[in-house]
1. Filter the chymotrypsin sites (Phe, Trp or Tyr not before Pro) in the stretch 273-336 to those in DSSP coil with at most 16 other Cβ atoms within 10 Å of their Cβ, and list the result.
2. Answer rounded, prolate or oblate for the stretch 217-274, using the Cα gyration tensor with square roots of eigenvalues a ≥ b ≥ c: rounded when a/c is under 1.5, else prolate when a/b is larger than b/c, else oblate.
3. When all C-alpha to C-alpha distances in the stretch 319-368 are sorted into bins of 10 Å, what percent of pairs does each bin hold, rounded to whole numbers?
4. At residue 163 and residue 352, where each label point lies 7 Å from the Cα along Cα→Cβ, what is the point-to-point distance in nanometres?
5. Find, among the trypsin sites (Lys or Arg not before Pro) in the stretch 131-221, those assigned to loop by DSSP (not H, G, I, E, B) with at most 16 other beta-carbon atoms within 10 angstrom.
6. Just check the stretch 228-368 against the gyration tensor rule for me: Cα atoms, a ≥ b ≥ c as the square roots of the eigenvalues, rounded for a/c under 1.5, and otherwise prolate or oblate depending on whether a/b exceeds b/c.
7. Pairs 112/183; 10/346; 139/354: which are spaced more than 30 Å apart, C-alpha to C-alpha?
8. Kindly state, to the nearest 0.05, the FRET efficiency for residue 279 paired with residue 68, given R0 = 45 Å and r defined as their beta-carbon distance.
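Nothing in this text is a laboratory measurement; each read-out follows from the coordinates by a stated rule. Keep in mind that what you see is a predicted model, and the values were worked out from it rather than measured. Positions of Cβ are backbone-derived with ideal geometry, glycine not excepted, and every protein chain shown enters the neighbour counts.
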Amino acid sequence: MISTETLEYKKYMKRAIELAEMGRGTTSPNPMVGALILKDGRVVAEGYHKKAGEPHAEIVALNNASGDVSGSTMIVSLEPCNHFGRTPPCTEAIINAGIKKVIVGMVDPNPKCAGSGIKRLRDAGIEVEYGLLSDEVAKQNEVFIKYITTGRPFVIAKAAISLDGKISAVAGSSTEITGVEAKRRVHELRNEYSAILVGIGTVLADDPLLTTRLDANQEVRNPIRIVVDSKARLPLSSKIAATAKDVKTIAAVTSQAELADIDNLREKGIEVIGFDTWDGLVDIEMLLEELGSREISSLIVEGGSSLLASFVKANLVDKYLIFVAPKLIGIGGVDLIGDELNPLRKLKFERIEKLGEDVLIEAYPVHQ
């Protein structure tokens with residue numbers, strides 16, 4: 001139960017969440033965390049976690065404080081860590097700094113650590129309250145929560161469709177669906193998430209590059225590119241193969257792939273990983289397990305319709321980002337989901353955003 005006094009700190013927790021947002025796209029596999037320090041009724045220091053391996057938000061805030069912070073209050077969006085990872089535990093730094101009170105947004109979702117940071121602080125005589133704006137913190141860190149509790153990446157199903165639900169005009173062809181603003185948002189998403197996945201059919205039809213392309217003055221990070229390619233048919237002349245030595249690329253194959261073709265892909269700089277088959281194709285659940293073991297915490301599934309159907313049917317999609325264009329393609333067009341769904345899948349619309357002439361729908365599966 002959050003006390004009335006703690007509710008008065010709501011605006012400061014909102015600021016901590018804003019600070020945490022500054023680390024979006026760079027903290028994986030760690031969460032986004034923001035922190036600030038209050039003393040004598042004013043904010044004396046702020047900080048956020050910028051990148052895995054670098055100091056956590058609490059440490060950054062403590063380092064940014066110009067004076068003595070003993071007796072002060074720390075507001076932090078996520079429970080301070082109490083274990084050695086890439087960095088030392090934040091709890092000890094908070095205790096040593098003489099912080100009197102800590103207000104936490106959300107308890108650490110890691111089952112191995114949940115509550116231990118709060119306990120350590122309380123054992124040291126520090127007053128701790130938690131749960132302030134926890135829903136907002138959880139939404140902000142949905143990727144981390146999925147990854148740390150399951151060991152698998154958070155899966156985003158992304159697609160661009162016409163108003164009648166088609167992703168292209170003819171099977172095996174490439175069709176321009178959305179406009180400039182929607183395309184820019186796609187590149188922003190690639191800059192945010194860890195990896196991007198397509199099927200070999202998409203590569204053969206579109207020859208995509210799957211890199212992040214934003215304004216020259218923006219810091220750009222390319223997602224790891226993954227091609228589900230059971231028979232190792234990825235063309236050596238494709239844009240993906242041609243850039244594999246510069247951008248991390250993985251081909252997921254099965255025993256159906258010829259060794260010579262695998263060797264050719266490896267010579268191009270592509271990492272080839274073999275998987276068991278499921279219905280004659282790469283076992284996507286095993287693929288997710290493998291990606292999680294590599295600390296790949298989020299994955300955009302970008303195409304095509306058969307691959308997307310596989311993820312939907314297996315209930316492996318955590319979030320849908322569907323760009324809808326004011327166009328009609330009609331009979332002969334390729335459906336968004338390239339297979340029958342029985343039973344049907346229910347979604348909950350979370351947000352709808354206008355992007356130029358197009359609309360972005362953010363939705364989550366409703367688990368029954």
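1. none
2. Since a/c reaches 1.5 and a/b is larger than b/c, the shape of the stretch 217-274 is classed as prolate.
3. Distribution as computed: 21, 42, 34, 3 percent.
4. It is 1.3 nm.
5. Loop-located and lightly packed - 213, 221.
6. prolate
7. 112/183; 10/346
8. Numbers: r = 64 Å, r/R0 = 1.43.
It comes out at approximately 0.10.
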